Amino acid sequence: MSCYYPLLGLPHAIDASITLLSHTHNQRAVNNQCLPTLHEREVALYSPKNDLWALRDRFTLPISSEIEIYASTYGLAPGELMVAVPLPKDAPINHRTTLLPVPLSKRVDQSPIAERACLEFHWRGITCSYQGEFPLRIAEVDGGSFLSFDPLLKPDPSAGRSLVVVMSINRSPIPSSLPLEIFDGQSKTCVASLNHQQNSCTILDVPAEGWSEGPLVMRGSGWVGIPIVIKLSRLDAPPSMSVEHNHPPTELFWDRDRLAGSRQIKRSWLSMKLHPKTP
């Protein structure tokens, strides 16, 4: 599976970084032994600019090494996004392109194990990591829909701050403003309506109380994305942070039922009429 590695601009003194390794997570048997496979490759770092992807930096990842890239190094503002693209060694890299290059896959066999990216968040001297790859197949979706609901997506009085970061990547850099609705899953009351930009991350600051009584549901049309939930401790408490992501409805089903079940859930929740939030 080929993946992009996003780097996010976040608020509240949170820095983000990605770590890229030459070692593969898939291994193949040679003479009944599983031997690690190493990859020497290039890494191109792109950001959307007008109607193009602009090259911000490039690295060579030698064998038996790793590199860590920080959002603060490039001054990413909250909501801005950069994309690290692994490429073959000595591959030509365009400084401006209308489509993100297809990322190099490290897969060496038919193992179902997914390639993982180490996306880390840093705040008040602590670090929390997350499996933050963005699959190529999602970045190539034209249109689509976004639906996310999970017990994590709700106000949390015990947390100092709860952030929901919705990121989306499309190989095309054409800017477009698309709807994102957040509503209470029990009362079906809309609590927020935002404009989400492709190739960016929309950041939602969830109040601790008074916003909704039940779990939240997020939905959008014309785009696909991945939500990340970041919870921070109170400033008067010892620093702690948790980072989780939510799965699409297809992950609620097995094998042949995945698409059919996902479509049924989406038909119900995406077409649901919402009540306006009372003042």
**OP:** Name, by its number, the condition in (1) farther than 21 Å from Glu140 by Cα; (2) touching an Asp or Glu at 6+ places or on another chain (Cβ under 6 Å) that does not hold for Leu87.
**Re:** (1)
Subject >> Residue identified as surrounded by 10 or more Cβ atoms within 10 Å (Cβ to Cβ), among the charged types (D, E, K, R) and in a strand (DSSP E or B) among Glu251, Glu244 >> reply: Glu244
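Taking segment 155-183 as the region of interest, how many residues are of a type in the set (Lys, Arg) and not in a strand (DSSP E or B)?
We begin by selecting, within segment 155-183, every residue of a type in the set (Lys, Arg); these are 161, 171.
Now drop any that are not not in a strand (DSSP E or B), which leaves 171.
Looking only at that region, the number is 1.
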Subject >> Subset of segment 120-155 (residues that are within 20 Å of Leu21 (Cα to Cα), at pLDDT 90 or above and not aromatic (Phe, Trp, Tyr)) >> reply: Glu120, His122, Thr127, Cys128, Leu136
Subject >> Test result for Gly261, in a loop (DSSP other than H, G, I, E, B) and farther than 30 Å from Asn50 by Cα >> reply: no
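Which one is farthest from Asp142 (Cα to Cα), of the residues in segment 214-240 that are part of a strand (DSSP E or B) and over 17 Å from the mean Cα position of the chain (by Cα)?
Within segment 214-240, the first condition is being part of a strand (DSSP E or B), and the residues that meet it are 216-221, 226-232.
Cutting the leftovers down to over 17 Å from the mean Cα position of the chain (by Cα) gives us 216-217, 221, 232.
On the way: Leu216: 26, Val217: 23, Ser221: 11, Leu232: 35 Å.
Only one residue fits best here, namely Leu232.
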Original post:
Filter segment 241-268 for residues that are under 23 Å from the mean Cα position of the chain (by Cα) and among the aliphatic types (A, V, I, L, M); which is modelled with the highest pLDDT?
Top reply: Met241
**OP:** Hey, can you tell me all the residues within segment 60-77 that are at pLDDT 95 or above, in contact with a strand residue (DSSP E or B) (Cβ under 7 Å, 6 or more places away or on another chain) and in a loop (DSSP other than H, G, I, E, B)?
**Re:** Leu76
**OP:** Test Ser221 against the criterion of being in contact with a strand residue (DSSP E or B) (Cβ under 7 Å, 6 or more places away or on another chain), within 26 Å of Cys128 (Cβ to Cβ) and hydroxyl-bearing (Ser, Thr, Tyr), and give yes or no.
**Re:** no
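The values are calculated or read from the model by the stated rules, or taken from the named source; none is laboratory data. None of these values were measured; they are calculated from a predicted model. Here Cβ is always computed from backbone atoms with ideal geometry, including for glycine, and neighbour counts include all displayed protein chains.
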